[in-house]
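Step one of this worksheet: look at the structure below.
The values are calculated or read from the model by the stated rules, or taken from the named source; none is laboratory data. Since the model is a prediction, treat every value here as computed from it, not as a measurement. Cβ: placed from backbone, ideal geometry, glycine included. Neighbour counts: every protein chain shown. With ligands, DNA and RNA removed, areas are computed over all heavy atoms of the protein, side chains included. Shrake-Rupley method; radii C 1.70, N 1.55, O 1.52, S 1.80 Å.
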Amino acid sequence: MKKIPDILRPIFTYGSFTVPFVNYLLENDFPENWKVFAQVIKHIWRGEYEPALQMIEKALKVCRSKTARDILMAKKLGISRNLGKPDLKLYRYLKKRLPSMSKIARNVALPVLINAEAFGISSSRSVRIWGKEYEVDDPTSAFLHLARARKLAEQSKISEAIFHYVRSYKHSKKVPHPSGMVSALNGIAWRIRKTHPIWAYSISQKTVFWLGYYREEAGNLFDAFDTLFTIEKYLGLVSTAFTAEIISSLTVPEIHSEFLDEVRMWKPCYNVSEYPNTEELRTFIKGMVGTYRKERVSAGRLSEIINGKTQSVRGNTLKKLIKPSTVNVKAPFPVYNELVKLEIEMRFEEAIKSIKEMPPLKRKKLFISTYMAQIGKKEFYISRKDKFREACRLLEYPEEFKEFMSKRYETMRFVAEMIRAHPYIEGRKATLSKALDKMNGRRLSEFIERYGELGKEEKVLINTFLRNHGRYDGVKFEIRLKGPDEVREFAKKYSLKIQPSFVAFWCEENAKIRRKLTSIMRYMIQE
């Protein structure tokens, strides 16, 4: 390993946002030693810390560049801190080496050392920040502010910590450095979640929006979901259910496996319409007696439920008893589940009213962007070619569209998300809008028609490609990537920008998947 290749230099400015450049290096003619270095970076971005540690040891054995060695050692210290096992010996080594490091290595090491001091390593003399060079808008200053904020927060100096979190966010947003943005906002939300829960909730929603906007997988930023879910539970919000559904559909890092077990308990079950009449449920219903309208549930029926004379309770009966303003998600699961259904029904009706007032082209864009923003590990009703085409056709006739989409809670929720989705989905929708807004009515109709003929897996690839195009559209990297002619022709046909299209292509790390994507594009550009 000698001089850092130009293809890797953007990672020191944009962090994990440059994963396509790392993929490009791994698939092209670059020294094998630098490929090992790139693999370390990728493992860390994904939150795969144990494999990253193993890869660091492999890289250190073949590494001849002092800069690269210093960076790898700093990454190793950061991982040990993330795993709750701060390495004091390594901390002292890096601290001693700091004055001799190159600027690139020092920029990486400084925030890591300050973070180590904030979480578990006590030192008689704190790390010194090097001069005024870190007061500019770059990722180093952003992460120095972030490290300082964490250190102050651990000392219970919350007001001072928030000042540095905000500075970190502003620096990161200007670059942009998505990891810095999400980490800074998440830090604020977590630190104030008990003292200012409403404010924390608003900030946490923004955090998850940016996570959806900039990241295809949460990876090492998964804490943002933990924070949002925790705050929603504390406030007793129905949105807890929707966050639980999203988290359950994501790739969750191993260190969050226990959290995932808890989340799954909060997933709603839309196909359940009858519940056991448990003592817990009867006790809860007794407490609701004073809030329900007698004309909705007869006194006799209510008495049978409360006295346990009936073995089960229908969901529709619970809906009649529930007043959303007086019930929250801490209720027994049957009440909670029906509360979520009521929320979807209400938002569905509101969304239909908005859709009716829209011009047809806007309906199409909202429909397709919402569809392409979904997180799909399960079969979705309108994923079937015939159902997808029918839903698209009925957009011209809002009342028929309403009737078609009102038969399932998943499709009702989809319609609601066309107008107002979970912030994570809204972030993904925003990336798609940047691409779809470039297409005029004729091109959009042609795109939707071709897209509708694709199979489920093929649709997923195009969805991901267009989301990534939106993420990189407007960001000017000094490095230009190349790719197949089909990518260029696809971009031209659908009025997309060329270079963001190549960057989006290289977001896929698997060569087989890239070939499949190329084949899909070839089909979609046929005259």
*Under 10 Å, Cβ to Cβ, from Ile104 - net charge with Lys/Arg +1 and Asp/Glu -1*: +2
_I'd like the FRET efficiency for Arg314 and Glu262, computed as 1/(1 + (r/R0)^6) with the beta carbon distance as r and R0 of 22 Å, rounded to 0.05._
0.20
*Gyration tensor verdict on region 143-256 (Cα atoms; rounded if a/c is under 1.5, prolate if a/b is larger than b/c, oblate otherwise)*: oblate
*At a 1.4 Å probe radius, carbon and sulfur cover how many percent of the accessible area of region 218-369?*
49 percent
*region 200-283 - percent relative contact order, Cα under 8 Å, separation 6 or more*: 26 percent
*Could I have the simple spin-label model distance between Ser298 and Ser445, label points 7 Å from Cα toward Cβ, reported in nm to one decimal?*
5.5 nm
*Between 0 and 90°, nearest 10: helix 239-248 axis offset from the chain longest Cα axis*: 60 degrees
_Label-to-label distance, nm, for residues given as Glu254 and Lys476 (7 Å Cα→Cβ offset)_ = 4.3 nm
*Just check the chain against the gyration tensor rule for me: Cα atoms, a ≥ b ≥ c as the square roots of the eigenvalues, rounded for a/c under 1.5, and otherwise prolate or oblate depending on whether a/b exceeds b/c.*
oblate
*Residue by residue, what Karplus-based ³J(HN,Hα) values in Hz, rounded to whole numbers, does region 60-75 have, using 6.51, -1.76 and 1.60 with θ = phi - 60° and x for Gly and Pro?*
5, 6, 10, 7, 10, 7, 4, 4, 5, 4, 4, 5, 4, 5, 5, 4
*Dipole magnitude of region 190-310 about its Cα centre (Cβ charges: Lys, Arg +1; Asp, Glu -1), debye to nearest 20*: 760 debye
*asked:* Taking 8 Å as the Cα distance limit and 6 or more residues as the minimum spacing, I'd like the relative contact order of the chain as a percentage.
replied: 12 percent
*For Lys385, list the aspartates and glutamates whose Cα falls under 14 Å from its own Cα; do not include residues on the same chain fewer than 8 positions away.*
Glu449, Glu453, Glu457, Glu458
*Between Leu88 and Gln54, what is the label-to-label distance in nm when each label sits 7 Å out along the Cα-to-Cβ direction?*
3.0 nm
*asked:* If the reach is capped at under 16 angstrom between alpha carbons, list the lysines near Lys66, excluding any in the same chain fewer than eight residues apart.
replied: Lys2, Lys3, Lys58, Lys75, Lys76, Lys95, Lys96, Lys103
*asked:* Could you derive backbone 3J(HN,Hα) for region 222-233 from the dihedral phi with the Karplus parameters 6.51, -1.76 and 1.60 (θ = phi - 60°), listing whole Hz in sequence and x where the residue is Gly or Pro?
replied: 4, 3, 4, 6, 4, 5, 4, 4, 4, 5, 4, 4
*To the nearest 500 deg cm²/dmol, what mean residue ellipticity at 222 nm is calculated for the chain from DSSP H runs of n ≥ 4 alone, each contributing -39,500 (n - 2.57), summed and divided by the residues?*
-20500 deg cm²/dmol
*With only Lys, Arg, Asp and Glu charged, each at its Cβ (+1 for the first two, -1 for the last two), find how big the charge dipole of the chain is about the Cα centre; round to the nearest 20 debye.*
1260 debye
_Net charge over other residues, Cβ less than 9 angstrom from the Cβ of Pro253 (K, R count +1; D, E count -1)_ = -1
*In percent, what relative contact order does region 12-99 have, based on Cα pairs under 8 Å that are 6 or more apart in sequence?*
20 percent
*Could you look at region 159-202 and say what percent of its accessible area is carbon and sulfur, using a 1.4 Å probe and all protein chains?*
59 percent
*Using the structure shown, select from Lys353/Lys429; Lys170/Lys438; Lys174/Lys362; Lys35/Lys151; Lys85/Lys151 the pairs with a Cα to Cα distance greater than 23 angstrom.*
Lys170/Lys438; Lys174/Lys362; Lys35/Lys151
*Based only on the alpha carbon positions, what is the Kirkwood hydrodynamic radius of region 208-352, in angstrom?*
16.8 Å
*Accessible surface, the chain, averaged per residue in Å² (probe 1.4 Å)*: 46 Å²
